[in-house]
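Some notes on the structure that comes next.
The values are calculated or read from the model by the stated rules, or taken from the named source; none is laboratory data. Please read all numbers here as calculations on a predicted model, not as lab measurements. Please note: Cβ atoms are built from the backbone with ideal geometry, for glycine as well, and neighbour counts cover all protein chains shown.
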Amino acid sequence: MGDSAAIVVGVGIDVCEVSRFAASLERVSGLAARLFDEVEADRPPASLAARFAAKEALAKALGAPAGMKWRDARVRSNDLGQPYFEVMGTVLHRAQELGITRIVLSMTHDAGIASAVVVAEGNPRSARARLPATLIPEENS
């Protein structure tokens with residue numbers, strides 16, 4: 001493998017019990033607003049649990065950085081329904097520190113359990129590498 005070849009930099013996995021997560025959202029005032037942006041929050045409990053699992057899995061793939069803001073990683077879906085992350089702020093900074101150039105996300109929910117797997121790829125030797133623009137949201141002016 002040459003110096004410019006992408007390698008797996010981090011892997012994360014998480015599972016979340018849907019009913020327990022939904023109960024936490026109801027019990028803890030403002031929790032949904034701390035975890036999700038307006039687009040993410042407008043989903044049923046199973047989808048929210050899967051998105052939370054995705055963010056937890058991403059944190060693990062990034063080495064669980066201190067100070068990571070949950071809303072700096074937003075789960076979106078493309079036209080085919082495939083999930084991906086929009087990253088900014090604390091998450092983008094950590095990804096750049098690690099030389100991550102691609103984040104692969106898979107999520108599911110069934111039988112009351114939501115789960116997610118994240119694979120972060122890149123070249124650790126190229127610290128401060130830029131993620132492709134498709135993973136970085138456009139700035140609202």
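From the residues in segment 8-48 that are touching a residue at least 40 places away in the same chain (Cβ under 8 Å), closer than 26 Å to GLY67 by Cβ and aliphatic (A, V, I, L, M), which one is surrounded by the most Cβ atoms within 10 Å (Cβ to Cβ)?
Taking the candidates together, the pick is VAL9.
Only one of these conditions is not met by ALA49: (1) modelled with pLDDT of 95 or more; (2) closer than 30 Å to ALA5 by Cβ; (3) in contact with a helix residue (DSSP H, G or I) (Cβ under 8 Å, 6 or more places away or on another chain). Which number is it?
Of (1) modelled with pLDDT of 95 or more; (2) closer than 30 Å to ALA5 by Cβ; (3) in contact with a helix residue (DSSP H, G or I) (Cβ under 8 Å, 6 or more places away or on another chain), only one is false for ALA49: (2).
What tally of residues in segment 41-69 results from selecting those that are under 17 Å from MET107 (Cα atoms) and either of a type outside the set (D, E, K, R) or in contact with a strand residue (DSSP E or B) (Cβ under 6 Å, 6 or more places away or on another chain) (or both)?
Adding up the residues that qualify gives 19.
Give the number of residues within segment 61-111 that are touching a residue at least 40 places away in the same chain (Cβ under 8 Å), in a loop (DSSP other than H, G, I, E, B) and closer than 15 Å to PHE36 by Cβ.
1
Filter segment 70-90 for residues that are among the charged types (D, E, K, R) and modelled with pLDDT of 95 or more; which is nearest to GLU121 (Cα to Cα)?
Initially, segment 70-90 is screened for residues among the charged types (D, E, K, R), giving 71-72, 74, 76, 79, 86.
Within this subset, residues satisfying the condition of being modelled with pLDDT of 95 or more are 71-72, 74, 76, 86.
On the way: ARG71: 21, ASP72: 19, ARG74: 18, ARG76: 19, GLU86: 15 Å.
For segment 70-90, the residue satisfying everything is GLU86.
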